[in-house]
Structure formats: structure tokens, C-alpha cells
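The values are calculated or read from the model by the stated rules, or taken from the named source; none is laboratory data. In this text, all values refer to a predicted model and were calculated from it rather than measured experimentally. FYI the Cβ positions are ideal-geometry reconstructions off the backbone, even for glycines, and counts take in every protein chain you see. We work out accessible area using only protein heavy atoms, side chains counted, and drop any ligands, DNA or RNA first. Shrake-Rupley method; radii C 1.70, N 1.55, O 1.52, S 1.80 Å.
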Amino acid sequence: MAIADVTIDACIARNSIEVRSLAPDMQSLCGFCSSAGALIGYSTSGLFVHHLGPQGALILLAIPPVFITVLGFVIYEMRSSSLHSEKHKTMENLGVAVTGMYRTIKFPQVWKPSLYMYLSLALSISTHEGQFYWYTDPKAGPAFSQEFVGIIYAIGAMASMVGVLIYHKTLKDIQFRNLLFFAQLLYGTSGMLDLIFILRWNLVLGIPDYFFVITEECVSRIISRIRWIPMMVLSTRLCPIGIEGTFFALLMCIDTLGSLTSKWGGGMALHVFHVTRTDFKNLWLVVLIRNILRIVTLGLIFLVPKADQLEALIPPDILTKNSTVKSDDEGLELVPENERDEV
């Protein structure tokens, strides 16, 4: 699945570089399709777990990767007449790609936004596991059924589609730094809805659990999608021509590591504060810490460039030996040919 995903990402990165104006549209399309798939999965997950059990649900979960594997065998490709030379050429290209990635990642205009994307994901520690058990707990929580938890996430997937449409229609012309700043601010403040729900303040306000949790999920998913898509567009802007697919895969690895760090951090926080599947006394504190870390991430927004989403952040010949660049915070600039000759 990872190989198939990276292959698609490579195509998107290359097209985003060749036709800059299409980058936000392509990321919007990918986000919409991802949300549509999540909608199907979430809307059926609770039903399958309830009627088939965990093992039966996992068997069904294995079917899509099998289809991907079968698809790899039926896609038509021209057979190479000189397999040995092709392998030798592939190894040479791999060496060039690794060298190019190393040279590119050293530029402040590349590693700074990459660092921001990693930290923005890693600092938002995941409390999903603790909240899931709390959702279904009959004493401490609202005692939602497994089917209803699936419905909650399915509605959240629909809200993600709304987030994609909002970004596509109104936000794709805003500068990266401004958009990510306000998206992160909303991301941190919207997390307080989780805190209100866990402390049961919604009942004090007279808001039923079912209505409040659906509202909270929709708000959270819309903001998360608006926050995520510009980071994907920014990633395509950081890829040099020639190794765009390989470098975009590297950036996606960094983002995946950030998500994994988020899960590790959330698991450690739940463990330190003794939150288990039956003890939720300190769950509110873990959620509060998560929200504070989201707000703290705003202090790192200076790592994001002040550039439009259609603007080139790196020169097209960044990997050529004769290109000279200035390392500043706003962007890369090539030295004119006549000035280079004088030097």
C-alpha cells in the first residue's frame, strides 16, 4: 500500500511542478477521494466488528491490499529488451537521487518548512485510544455503541469533504504562513470541545451527548483538512525537478514519522497519567496537554515561508552544479549569468 501511495504521490508532485496552478486542485481532489474512502470504511466498521467480530473485520480489511496487489499484475508495461543495462541505469539514478536529496534538504528554504510539518504533527499527541474506550464506557463515558462510534467517524469523513471544498473555493490563494497560522490556531482551540465533552460540561449546558460529539467531530475534521492540504501543497513546492517523486516520498516519510511520534507521545501521556480502558480520571488532563501543545506549535510558524501557494520556492535547476543560491528566509535566488561570469 505504501509503494502504491508513493507512486501516486510522485505523479502528483511532478504534475504540481510542471503546472503550478493545478497543485492546490490536485491536493483537493486527493483529499476528497481520501475522505470518500474513509466515509465508506467508517460507516461500515462498527457494523462489521459487531456482527463479524474483530477477526472477521480484519479479514475484510485485508481485501483492499489484495486488490492493489492484483492490479500490479494486470497493468500493462512494455518489457525492456536490455534488462541488465536497465538495472545498471536504475542504480545510477538511485545514487543521483540520494545525492540530490542530500543537497536539497540542506537549504533552509527546504528543511525549515519540513521541520515545521514534522513538529506540527508530532506535538499534537494522539489521545484517540483513550477517547475511544471512554466513548463506549457505560459508567464514566456516554456509553456509545460500536456502531454509533463508526457513524461518528463516518460523519467526520463527510465533514472532511466539506473542509476540502472550503479550501478549494476560498483558501487556495492565501499565503502559506498566514493560512497555516490560522489553521493551527483553530486546530488548537477546537480541541477544547473534546475537553468540554470529557468533563461533561455539555450536559450542564443542556446539549445531548449525541449532538455534541457529532458537532465536535465535524468541526475537528473540517479544520484538520484545511490544515493538512496546504502542507501537502507546500511539500510539492519543495521538490526539485529530476527527483521530485523521490523527494516528495522523503517528505511524506517525515510526515508519517511525525504522525507516529504523535501516537507514541499520546500513548506515553496516557500511561504516565494512568489512563486505561477502565480508568479515565485523568483523561481530561491529557487532552488539555494536547491542546496546549497545539497552541505552542504557533511559535514555530516562522519556519513556514511567506509565499503564495502558486509561487516557486526553489529554482528549477537547484541540483545543477553551476547554480548559485543565497540562503535567506524568504526564498532562493539564482545569481544572474553575467554576475557569475564577473565573479
Pop out the ³J(HN,Hα) list for the range 210-227 in order, Karplus 6.51 cos²θ - 1.76 cosθ + 1.60 with θ = phi - 60°, rounded to Hz; leave Gly and Pro as x. 4, 5, 5, 5, 5, 4, 4, 5, 5, 4, 5, 5, 4, 5, 4, 5, 4, 6
Just read off the accessible area of Y102 with the full protein assembly in place, 1.4 Å probe, to the nearest 10 Å². 140 Å²
Would you mind telling me which residue in T246, T189, T69 has the biggest mean-square fluctuation in a Gaussian network model of the chain, where springs connect alpha carbons within a distance under 10 angstrom? T69
Could you give each residue of the range 249-257 its phi-based ³J(HN,Hα) in whole Hz, using Karplus coefficients 6.51, -1.76, 1.60 with θ = phi - 60°, and x for Gly or Pro? 4, 4, 5, 5, 5, 5, 5, 5, 5
Calculate, for L115 and T44, the FRET efficiency according to 1/(1 + (r/R0)^6) with r their C-beta to C-beta distance and R0 30 Å; round to the nearest 0.05. 0.20
Largest-first ranking of C30, C11 by accessible area, probe 1.4 Å, whole protein assembly kept, is C11, C30
Nearest-0.05 FRET efficiency for V162 and L310, computed from C-beta distance (R0 22 Å): 0.40
Taking 0.36 nm per residue of separation between L61 and F181 and subtracting their Cα-Cα distance, the length gained on full extension comes to 39.5 nm
How big is the accessible area of R20 in square angstrom, nearest 10, if you roll a 1.4 angstrom probe over the protein chains? 110 Å²
Test of understanding: in a Gaussian network model of the chain with alpha carbons linked when under 10 Å, which of T44, T127, T278 would top the mean-square fluctuation ranking? T278
Principal axis lengths of the chain from Cα atoms, whole Å, largest first? 76, 48, 39
Could you compute the net charge surrounding F212? Neighbours are other residues with a C-beta less than 13 Å from the C-beta of F212; K and R count +1, D and E count -1. -3
Phi to ³J(HN,Hα) by Karplus 6.51 cos²θ - 1.76 cosθ + 1.60 over the range 28-44, Hz, x for Gly, Pro: 5, 4, 5, x, 5, 5, 4, 5, 5, x, 5, 4, 5, x, 5, 5, 10
Rank W201, W111, W134 by mean-square fluctuation in a GNM of the chain with C-alpha springs under 10 angstrom and give only the top-ranked residue. W201
Work out the count of Lys pairs in the chain where the Cα-Cα distance is under 18 Å, with the pair 8 or more places apart or on different chains. 7
For the range 106-166, would you read off the P(r) tail past 20 Å as a percentage of all alpha carbon pairs? 56 percent
Any idea of the accessible area per residue across the chain, 1.4 Å probe, to the nearest Å²? 55 Å²
Which of the peptides 59-66, 254-261 is most tightly packed, and how do the rest follow, going by the mean number of other Cβ atoms within 10 Å of each residue? 254-261, 59-66
Return the FRET efficiency for the residue pair L199, I3: r is the Cβ-Cβ distance, R0 is 41 Å, and the value is rounded to the nearest 0.05. 0.40
Just the number, please: carbon plus sulfur as a percent of the accessible area of the chain, 1.4 Å probe, no ligands or DNA/RNA counted. 68 percent
In nanometres, what is the gap between the two model label sites at F302 and C30, each 7 Å from Cα along Cα-to-Cβ? 3.0 nm
